[in-house]
1. Check off (1) of a type outside the set (Phe, Trp, Tyr); (2) crowded, with 17+ Cβ neighbours inside 10 Å; (3) in contact with a helix residue (DSSP H, G or I) (Cβ under 8 Å, 6 or more places away or on another chain) for Val112 and give me the number that stays unchecked.
2. Please name all residue pairs, on different chains or six or more residues apart, with Cβ atoms under 8 Å, provided the first residue is in region 36-53 and is within 14 Å of Leu104 (Cα to Cα) and the second residue is of a type in the set (Asp, Glu) and assigned to a strand (DSSP E or B).
3. Only one of Pro66, Pro122 is more than 18 Å from Phe21 (Cβ to Cβ), surrounded by 13 or more Cβ atoms within 10 Å (Cβ to Cβ), in contact with a Gly (Cβ under 8 Å, 6 or more places away or on another chain) and of a type outside the set (S, T, N, Q). Can you tell me which?
4. Within region 34-63, can you find the residues that are under 21 Å from Ile20 (Cα atoms) and β-branched (Val, Ile, Thr)?
5. Output the number of residues of region 31-55 satisfying the condition of being surrounded by fewer than 16 Cβ atoms within 10 Å (Cβ to Cβ), β-branched (Val, Ile, Thr) and not in a loop (DSSP other than H, G, I, E, B).
6. Look at region 83-104 and say how many of its residues are part of a strand (DSSP E or B), over 10 Å from the mean Cα position of the chain (by Cα) and not aliphatic (A, V, I, L, M).
7. Within region 110-134, can you find the residues that are within 16 Å of the chain's Cα centre (by Cα), at pLDDT 90 or above and hydrophobic (A, V, I, L, M, F, W, C)?
Amino acid sequence: MVDIANDSNGEHDRAQSYVIFRLGGEGYALEVMRVQEVLDVGMLTKVPGGPRSLRGVLNLRGHVVPVYDLRVPFELVIDPKPARAPSVLMVESEVGNETRVTGLLVDRVSDVLEFRHEDVQPAPQLGLGKATPFVRGLIRHQEGFLLVLDLDRVFGALGGLDGGGIVT
């Protein structure tokens with residue numbers, strides 16, 4: 001589990017840590033404070049009749065945790081036999097007054113990096129003036145960009161969290 005101290009002084013120029021992961025050949029960034037831990041995919045139990053994005057459930061220290069495949073809402077091809085075992089980001093979400101833990105299946109987690117607030121550029125306006133739905137910003141990194149994930153919109157798209165997740 002990653003623990004990050006909160007910025008009690010309200011300084012915006014301090015760096016924020018992001019978990020960097022790959023999915024479908026793209027690099028993504030997610031605030032460390034939303035990630036509880038990163039796991040290698042072990043045994044997932046399939047749930048018959050569940051939504052297409054629900055890859056199964058896993059046992060996390062005695063709790064049942066749903067694991068969703070980000071490839072589905074991102075409209076990426078699902079590789080039935082990937083060359084490398086995927087990773088699961090265990091992330092926290094707020095549902096009503098409850099904090100729930102949900103697994104998100106990604107290709108691999110590569111780093112935890114720090115970026116300043118001003119390094120995050122607004123999401124690009126594409127098409128009819130709408131921003132890409134799951135991206136809230138971009139960070140210039142190496143030769144390209146990292147897409148800063150809007151986790152709340154991802155959960156909104158997955159939609160089936162009413163009966164999922166665990167209360168912590």
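1. The failed condition is (2).
2. Pairs found: Gln36/Glu92; Ser53/Asp69.
3. Details: Pro122 fails: surrounded by 13 or more Cβ atoms within 10 Å (Cβ to Cβ).
Exactly one of Pro66, Pro122 is more than 18 Å from Phe21 (Cβ to Cβ), surrounded by 13 or more Cβ atoms within 10 Å (Cβ to Cβ), in contact with a Gly (Cβ under 8 Å, 6 or more places away or on another chain) and of a type outside the set (S, T, N, Q), namely Pro66.
4. Val35, Val38, Val41, listed by residue number.
5. 1
6. Residues of region 83-104 part of a strand (DSSP E or B): 87-95, 98-104.
Filter once more, so that each one left must be over 10 Å from the mean Cα position of the chain (by Cα): 87, 93-95, 98-101.
Filter once more, keeping what is not aliphatic (A, V, I, L, M): 87, 93-94, 98-100.
The total comes to 6.
7. Initial filter on region 110-134 (within 16 Å of the chain's Cα centre (by Cα)): 110-113, 132-134.
The next check asks that each one be at pLDDT 90 or above; those that pass are 110-113.
Within region 110-134, Val112, Leu113 meet the criteria.
The values are calculated or read from the model by the stated rules, or taken from the named source; none is laboratory data. For clarity, every value in this text was computed on a predicted model and none was experimentally measured. Neighbour counts are summed over all protein chains in view; Cβ atoms, including those assigned to glycine, are modelled from backbone coordinates with ideal geometry.
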